[in-house]
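The values are calculated or read from the model by the stated rules, or taken from the named source; none is laboratory data. Since this is a predicted model, take the numbers as computed values, not measurements. Positions of Cβ are backbone-derived with ideal geometry, glycine not excepted, and every protein chain shown enters the neighbour counts. For accessibility, only protein heavy atoms count, side chains too; no ligands or nucleic acids. Shrake-Rupley method; radii C 1.70, N 1.55, O 1.52, S 1.80 Å.
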Amino acid sequence: MKQPILIATTLAAGLSLIGCSQQPVQPASAQPSDREIQQQINAAVDKRMQAIEAEQAKSAQPEQKMYQVPRSAVEPELIKVSGVGYGAESTYEGFTDGQRRLMAIRSAKLDAYRSLAEQLNGIKIDSNTTIATLTARNDSFRARVNSMVRGARVVSVTPMADQNYETVLEVYIDRSFFEKAFVYSSNEEKLSMTTEELCDQINCNALSRKR
């Protein structure tokens with residue numbers, strides 16, 4: 001009884017050894033070379049570094065806050081500036097009555113433009129005073145205006161007594177124009193505010209809850 005079992009066991013072991021010996025052996029060329037292994041390592045390292053840089057860039061960006069600011073807080077506050085000018089008819093006998101009237105209206109309009117220019121851009125004053133023995137001998141000054149006025153419209157042209165005419169012009173200017181041009185202060189930061197300061201003044205959170 002033991003002999004057949006021993007023979008069967010021996011045959012099975014022999015068949016298994018024959019099967020193992022018949023398995024194909026992978027050629028040496030199928031094994032990855034050192035260069036390919038190094039390339040794979042470099043690619044993995046580059047991918048990891050790109051992921052780290054993307055995370056750092058995302059964390060470095062400040063969080064953008066959206067505010068609901070009322071339209072009145074961002075729209076410019078307009079101020080109406082008016083200029084009044086006067087003109088007189090010429091006494092030249094060669095002009096007709098119509099020419100005198102039109103020239104007087106024209107001179108009144110230009111005088112009104114000068115008045116607007118003085119209010120918008122200021123006047124340059126040239127002054128000269130001469131003093132001798134603590135006594136003023138001569139005192140003179142000259143006013144000059146050199147500017148551009150755009151967007152002004154004629155409000156009225158009114159005939160006056162003694163053949164004179166009055167012209168009224170007006171133009172709308174943003175309030176910030178005067179603050180930036182005519183505030184005599186070296187601290188320019190007071191003329192501007194950040195988004196957070198604006199929201200603190202108008203209470204953006206309360207406006208968001210209402211909507």
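Listed conditions (1) at pLDDT below 95; (2) open to solvent by 70 Å² or more (accessible area, probe 1.4 Å) are all met by Gly94, apart from (2). Within the stretch 148-177, the set of residues being out of contact with any strand residue (DSSP E or B) (no Cβ under 6 Å at 6 or more places or on another chain), open to solvent by less than 50 Å² (accessible area, probe 1.4 Å) and over 13 Å from Val81 (Cβ atoms) comprises just one member, Ser176.
Are any residues in the stretch 115-144 surrounded by 10 or more Cβ atoms within 10 Å (Cβ to Cβ) and touching a strand residue (DSSP E or B) at 6+ places or on another chain (Cβ under 7 Å), and if so, which ones?
Ser115, Leu116, Gln119, Leu120, Ile123, Lys124, Thr129, Thr130, Ile131, Asp139, Ala143, listed by residue number.
Can you name every residue in the stretch 89-115 that is assigned to a helix (DSSP H, G or I) and of a type outside the set (A, V, I, L, M, F, W, C)? Correct list: Asp97, Gly98, Gln99, Arg100, Arg101, Arg106, Ser107, Lys109, Asp111, Tyr113, Arg114, Ser115.
Identify, please: which residue in the stretch 140-176 is aromatic (Phe, Trp, Tyr) and at pLDDT below 95 and is, among those, nearest to the chain's Cα centre (by Cα)? Applying the filter and picking the extreme gives Tyr172. Within the stretch 155-172, which residues are farther than 17 Å from Thr91 by Cα, in contact (Cβ under 8 Å) with a residue 12 or more places away in the chain and not small (Gly, Ala, Ser)? Of everything in the stretch 155-172, those that are farther than 17 Å from Thr91 by Cα, in contact (Cβ under 8 Å) with a residue 12 or more places away in the chain and not small (Gly, Ala, Ser) turn out to be Val155, Val157, Glu166, Thr167, Val168, Leu169, Glu170, Val171, Tyr172. Entry remark, the stretch 70-89: residues being of a type in the set (Gly, Ala, Ser), in contact with a helix residue (DSSP H, G or I) (Cβ under 6 Å, 6 or more places away or on another chain) and at pLDDT below 90 number 1 in total.
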